[in-house]
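I have placed the structure first, in the form of structure tokens, so that the comments after it can refer back to it.
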Amino acid sequence: MKMKLALLALLSVLAISPAHAISAKYRAQLEHSGCTQVSDANGTCDITKTKAQNAKAGSGYKALSADAAYAMNKPISDVAEYLLSKGWKPNNGEWHKSGYILRLVVENDKVVNSQLTK
């Protein structure tokens, strides 16, 4: 009987203990950097930088993603001219700028998909 009570007490303590999905150190890094777990995981935010540094870098990402969005459903010749004017450099079917890579999927001379990665 005492063994059952002791086991029940132990299980109760374990059941009411808080569960932490992330460590306190990682949480502090997220708060300091202004990142979320998602933005850290997808590479759009760097937890080793400050909120201000990430905000500045993020505005660059937004501009580059706007270039990727512009390319959609346009003739590749128009897109290439546009990207060159914005400072993108072509390299083996990919476009490079500021450490980012823009990949375009072209069908019938029209851009049907774009992917921006770091």
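Couple of notes before you dig in:
- Considering the stretch 47-56, and only residues there that are open to solvent by 50 Å² or more (accessible area, probe 1.4 Å) and part of a helix (DSSP H, G or I), the residue that is nearest to residue 98 (Cα to Cα) turns out to be 56.
- Residues that are over 12 Å from residue 65 (Cα atoms) and open to solvent by 30 Å² or more (accessible area, probe 1.4 Å) within the stretch 105-118 comprise 105, 106, 107, 108, 109, 110, 112, 113, listed in sequence order.
- Candidate set from the stretch 59-104 (those that are open to solvent by 30 Å² or more (accessible area, probe 1.4 Å), among the aliphatic types (A, V, I, L, M) and not in a strand (DSSP E or B)); member that is farthest from residue 44 (Cα to Cα): 76
- Sole exception among (1) open to solvent by less than 50 Å² (accessible area, probe 1.4 Å); (2) at pLDDT 85 or above for residue 40, by number: (2)
The values are calculated or read from the model by the stated rules, or taken from the named source; none is laboratory data. Being a predicted model, the structure only gives us computed values, none of them experimental. Remember, those area values only see protein heavy atoms, side chains included, never the ligands or the DNA or RNA. Shrake-Rupley method; radii C 1.70, N 1.55, O 1.52, S 1.80 Å.
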